[in-house]
Amino acid sequence: AVDPVLLPILKNMPDPRHNCDEPAGHLCEEWAGKLGLSTDVVIGVGNIDSYSGAVGGGVAYRKMVMNMGTSACYIAVVPNEVMAGRLVDGVFGQVDGMILRGHDGFEVGLSSFGDAFAWMKRLLSWPIEHLLPEDADPSLREKMADRILPALTAEAEKLPLRLDAPLATDYFNGRRNPVLNSTITAALTRLKIHSSAPELFYAIVESTAFATKAILDHLTSNDVAIDELVAVGGGAQKSPFVMQLMADVVQREISVSATKNAGAMGAAIHSAVASGIYPDVPTAQAAMCPPVIGTYKPTADAARLEILMKRYERYLDLARFTEDQQKK
């Protein structure tokens with residue numbers, strides 16, 4: 001009905017859907033020989049990285065898993081009988097069974113997370129790349145560049161929280177949620193002649209926390225219940241500053257999973273079920289998912305929270321202004 005050009009694609013698409021916890025077949029003789037394995041080895045149905053990471057992080061009803069890497073992909077699930085066919089506007093993806101059987105899966109998140117921090121590192125690395133002598137030791141360039149983010153983090157942590165401090169939006173790669181707009185661009189505002197690099201870095205980190213709050217608020221307002229947040233990925237394990245600020249802004253506890261490779265863990269869980277070791281994914285998760293290694297608790301400082309929420313309202317205003325200007 002959309003375009004006849006799509007018909008050949010439709011004809012090649014299979015009708016049945018397959019879950020990742022079921023076998024697609026067995027290892028063929030050619031690859032069994034190359035790998036020194038048996039043709040009895042079960043081959044599971046393929047998956048998407050962040051979806052597998054959610055399973056590896058222990059996703060369950062009311063328990064969101066936050067994949068935090070170059071981008072941030074947050075996954076939640078709700079039983080089909082609770083959703084009762086209801087669709088939620090604004091989410092990046094909602095599909096029955098895409099994460100767990102019998103559940104609607106929800107994909108939300110930030111198009112730019114670690115990428116935004118890496119952008120600032122590249123920006124401040126320009127003199128290192130272009131002004132050092134050509135015969136300078138390459139390892140010196142690398143060592144100097146690698147010190148930028150740790151130094152920014154250390155200084156940003158010391159900054160007093162101010163309502164009038166620089167403010168940013170996180171849309172360096174566009175926006176996924178709560179309303180998709182891949183063309184919207186990031187903004188840095190409230191700059192003064194004495195604004196410092198740590199202040200700008202703080203603003204970018206803060207914007208990712210504000211974006212996360214906007215997503216959680218949107219899901220909550222649409223009756224997607226989330227009581228527990230579990231973070232996986234490099235961003236979650238490497239930066240206490242980022243995680244604490246996020247917990248303060250969203251006013252929820254955020255636990256960090258001990259798993260180093262959540263996607264691989266999810267694949268192992270699916271494989272264990274497909275091979276018949278466990279009867280279903282929740283049982284396999286209970287046996288295989290690593291524990292949490294720590295939990296960030298939100299601030300109880302009422303004065304700090306008041307300033308953060310006023311800055312959050314300004315973040316929302318800035319996002320609307322940026323989008324309106326883009327339309328002109």
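The values are calculated or read from the model by the stated rules, or taken from the named source; none is laboratory data. Treat the numbers as computed from the prediction; the structure is a model and nothing was measured. All Cβ positions, glycine included, derive from the backbone under ideal geometry; neighbour counts span all protein chains shown. For the accessible areas, the whole protein counts, side chains as well, though only heavy atoms, and no ligand, DNA or RNA atoms are used. Shrake-Rupley method; radii C 1.70, N 1.55, O 1.52, S 1.80 Å.
May I ask you to list the residues in the stretch 185-215 that are of a type in the set (Val, Ile, Thr) and assigned to a helix (DSSP H, G or I)?
Passing the criteria: ILE204, VAL205, THR208, THR212, ILE215.
With respect to ASP89, determine if the residue is among the acidic types (Asp, Glu), modelled with pLDDT under 95 and either farther than 22 Å from ASP227 by Cβ or open to solvent by less than 30 Å² (accessible area, probe 1.4 Å) (or both).
In short, yes.
For a quick check of your reading: which strands (runs of 3 or more DSSP E) sit entirely within the stretch 11-84 and have at least 2 residues that are crowded, with 21+ Cβ neighbours inside 10 Å and at pLDDT 95 or above?
Values: elements: 23-26, 42-44, 62-68, 72-79.
Per the criteria, 62-68, 72-79.
Hey, can you tell me all the residues within the stretch 162-184 that are among the aliphatic types (A, V, I, L, M), open to solvent by less than 40 Å² (accessible area, probe 1.4 Å), more than 29 Å from GLY93 (Cβ to Cβ) and not in a strand (DSSP E or B)?
Answer for the stretch 162-184, where residues must be among the aliphatic types (A, V, I, L, M), open to solvent by less than 40 Å² (accessible area, probe 1.4 Å), more than 29 Å from GLY93 (Cβ to Cβ) and not in a strand (DSSP E or B): just ALA165.
Got a sec? Which of VAL256, VAL281, VAL230, VAL242 is out of contact with any strand residue (DSSP E or B) (no Cβ under 9 Å at 6 or more places or on another chain), open to solvent by less than 20 Å² (accessible area, probe 1.4 Å) and not basic (Lys, Arg)? Spell out the reasoning first.
Working: VAL256 fails: out of contact with any strand residue (DSSP E or B) (no Cβ under 9 Å at 6 or more places or on another chain); VAL230 fails: out of contact with any strand residue (DSSP E or B) (no Cβ under 9 Å at 6 or more places or on another chain); VAL242 fails: out of contact with any strand residue (DSSP E or B) (no Cβ under 9 Å at 6 or more places or on another chain).
Exactly one residue qualifies, and that residue is VAL281.
In the stretch 272-287, is there at least one residue being of a type in the set (Gly, Ala, Ser), closer than 30 Å to ALA203 by Cα and either assigned to a helix (DSSP H, G or I) or under 17 Å from the mean Cα position of the chain (by Cα) (or both)?
No; the residues of the stretch 272-287 include none that is of a type in the set (Gly, Ala, Ser), closer than 30 Å to ALA203 by Cα and either assigned to a helix (DSSP H, G or I) or under 17 Å from the mean Cα position of the chain (by Cα) (or both).
Within the group ALA203, ALA187, which residue is in contact (Cβ under 8 Å) with a residue 12 or more places away in the chain, among the hydrophobic types (A, V, I, L, M, F, W, C), crowded, with 17+ Cβ neighbours inside 10 Å and in contact with a helix residue (DSSP H, G or I) (Cβ under 7 Å, 6 or more places away or on another chain)? It would help to see each step written out before you state the result.
Details: ALA203 fails: in contact with a helix residue (DSSP H, G or I) (Cβ under 7 Å, 6 or more places away or on another chain).
Answer to the check: ALA187.
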